[in-house]
Structure formats: C-alpha cells, structure tokens
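Below is one structure, written out as structure tokens, with a few remarks after it.
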Amino acid sequence: EDIALWLNEAIAQDLVALAYQPILDIRTGRMEAVETLMRLKAPDGSSISPNLFVPIAERTGAIIELGRWAVEKACTEMLVENRIEMVTVNVSPIQLKAPGFAASVGAILSETGVAGQRLAFEITEGLDLERQPEIATCISDLRALGINIWLDDFGTGFASLSWLRLIDFDTVKIDRSFLHDAGLPRGKAMFQDMISLVRNHGHKILIEGVETEEQMAFLRKLGIDKAQGFLVGRPVPARSYPPRDPNRP
Ligand code: G
Ligand code: G
Ligand code: NA
Ligand code: MN
C-alpha cells in the first residue's frame, strides 16, 4: 500500500491535479457547469485512477484534506477566474461525516469571494442515510451556504429510494449504465421508469455517459434537462476553458 503513504504527501508534492468535464443544458445548448475530477500522478509519471485511490483515501482519512483542497482549487482556478459559471465537486460521505467540513467550505467561500450558488456537491448514495444523521445535518449546513446538492450515480447504490425520500436534491445524475442498457428492450422501459420516478419527485435530471448523437436525440425526445459524456466533452484541464466552441472543450 504505497499509495496510502504518499496520498498524504500528494498535495505538498504537487502530484494531484483537477480535470473538468462539461455538463450540457440540453434545452439551451449551453454549458451549464463542469464536473471536477481528481487526478493523481504517480512518482513515475503515470496517472492513477480515482476509482483506485479514492477508496484508499477514504480508508486512511486522506480524503478529507484532498477533498478540501479540490473545493479550494476548483474555486480559484475555475470560478474566481470566471472560466465557467458553475462547478460540481464530488464529495465522499466520509467528508460529510467529518466534523467541520461545512465550516471549512464556508471559509473557502469567504476567502475566495465565490458565491455558494456557483458550487454543486455530487454525493454518491452508499451509506445508510437513516443511520447516519450527521450526513443530513452536514448537507443542510452546506445548503445554508447556498451550495447545490446533487445525487450522483443514481440507481447503483443500495439505498437509492431512501436517499431520494430524505434529501431534496437539486439534480439527480442517472448512472451511465442505465443509458447504455436503454439500447435493449427491457433496459429502455427501466430507463423511462427511472426518469419518471426522479421527475415526479421534482428533481432535475442529468444523464451521464452520453456518447452518441442517437442517444442525445433520445434524451431530447424524453425532455431530459442535462447531459454529460464523451459526446459533450471529455475531462480536460482548467486552461482549456472557456472552450472556443462552447459545447466542446
Ligand atoms: O473521471 P474518473 O473516471 O477518473 O472518475 C472515477 C470516479 O472517481 C468517479 O466515480 C468520480 O465521481 C470519482 N471521483 C473523481 N474525482 C473525485 C474527487 O475529487 N472526490 C471523490 N470523492 N471522488 C472523485
Ligand atoms: O462516477 P462518475 O460519474 O463521477 O464517473 C466519472 C467517470 O466517468 C470519469 O472517469 C469519466 O472519465 C468517465 N466518463 C465520463 N463520460 C463518459 C462517457 O461518456 N463514457 C464512459 N464510458 N465514461 C465516461
Ligand atoms: Na461524479
Ligand atoms: Mn456519476
């Protein structure tokens, strides 16, 4: 577990960076926001996927400082610079449970002068929310700062419906596996049922993993609010924004 050791050093050693993937507002055709995605450089120069290092950082607690750093960096390099109106940042439930997280975000907002409304935190359903009251408390503290709260990877966790019932998410991101399965007869019905469920609950809907024009036409027909995926744009560094073609960094 070499990774566990140098995750603590990654910020000081300048081994961590952020990439930003665009989110399209389907109706207006404008880039509504970008999602912040953490990148880690190994000492040998190769890149380590968050799928690998985030679970380790969650176990060791390093995610708390890495996550705080990501919020601050996204604020300074994207929002203060006015490269885009809004950014989303992935936030681990471990961060939401740690004392002082909302306060540390509040401090970043005051130091950078960024309005909380320009941030959305993407939360992945996972933990049993009903047994974790400190998470709901933290979420309401973040809301009091103006921060938008989005549900990420909807449909993959074991507690999807209880999260939807307990927290008033601004936007729900449907996990990309559902769009891919929508190409199959049974998958299509499931996809449309999920859309109805989320929409009837009053949340905006973002579909992830949009890769083809055919999928985008399908989403338009269903009246979906937002899309993200390789068709809209890949994750790229801050300096690629604003893009010359606003829909394609
Ligand atoms: O973009 P990529 O495939 O590398 O992202 C893989 C996974 O890692 C995604 O599920 C994404 O939500 C998650 N992830 C990316 N950046 C962060 C981060 O800063 N914090 C947390 N908790 N998860 C992240
Ligand atoms: O779990 P989360 O949705 O945050 O995952 C983000 C990850 O998904 C990133 O690693 C990103 O590179 C990847 N990703 C983004 N768009 C697409 C896409 O259109 N297709 C596929 N297969 N992966 C994507
Ligand atoms: Na995400
Ligand atoms: Mn996701």
At 222 nm, what value in deg cm²/dmol follows for the chain if DSSP H runs of at least 4 each add -39500 (n - 2.57) and the sum is divided by all its residues, to the nearest 500? -11500 deg cm²/dmol
All lysines inside 29 Å of Lys204 as judged from Cα atoms, apart from same-chain residues fewer than 8 positions distant: Lys73, Lys97, Lys173, Lys188, Lys221, Lys226
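How big is the stretch 1-155 by the Kirkwood estimate over distinct Cα pairs, in Å? Write down the numbers at each step before the final one.
Values: mean 1/r = 0.0618 Å⁻¹.
Result for the stretch 1-155, one decimal place: 16.2 Å.
Determine, for Leu184, Leu197, the number of other Cβ atoms within 10 Å of each Cβ, and report the residues in order from fewest to most.
On the way: Leu184 11, Leu197 16.
By the 10 Å Cβ count, ascending: Leu184, Leu197.
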On each of the three principal axes of the Cα atoms of the stretch 96-249, give max minus min coordinate, whole Å, ordered largest first. 46, 43, 21
Within the chain, what is the longest stretch that has no GluC sites (Glu not before Pro) placed in a DSSP loop and near at most 15 other beta-carbon atoms within 10 Å? 86-210
Give the long-range amide H neighbours of Asn90: residues separated by 5 or more places, or on another chain, with amide H under 5 Å away, using H modelled in the peptide plane at 1.01 Å from N. Thr36, Glu122
Fewest-first ranking of Lys226, Lys188, using other Cβ atoms within 10 Å as the exposure measure: Lys188, Lys226
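Counting other beta carbons within 10 Å of each Cβ, put His180, His203 in order, fewest first. Write out the running numbers ahead of the final one.
Values: His180 14, His203 20.
The most exposed by this proxy come first: His180, His203.
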Please give every one of the aspartates and glutamates within straight-line cross-link reach of Lys41, meaning a C-alpha to C-alpha distance under 16 Å, and leave out same-chain neighbours fewer than 8 residues apart. Glu1, Asp2, Glu9, Asp14
Dipole of the chain, positive end: most advanced residue of Val232, Leu151, Gly45 [Cβ charges, Cα centre]: Val232
State log₁₀ I(q)/I(0) for the stretch 205-249 at q = 0.14, 0.26, 0.28 Å⁻¹ as given by the Debye formula over alpha-carbon point scatterers of equal weight, solvent excluded. -0.36, -0.93, -1.00
Would you please give the residues with an amide H less than 5 Å from that of Asp153, counting only those at least 5 places away or on a separate chain, with H modeled from the backbone geometry? Lys173, Asp175
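Every number here is computed from the coordinates shown, using simple stated rules; none is lab data. Values in this document were obtained by computation on a predicted structure and should not be read as measured data. Neighbour counts run over all protein chains shown; Cβ positions are idealised from the backbone, glycine included.
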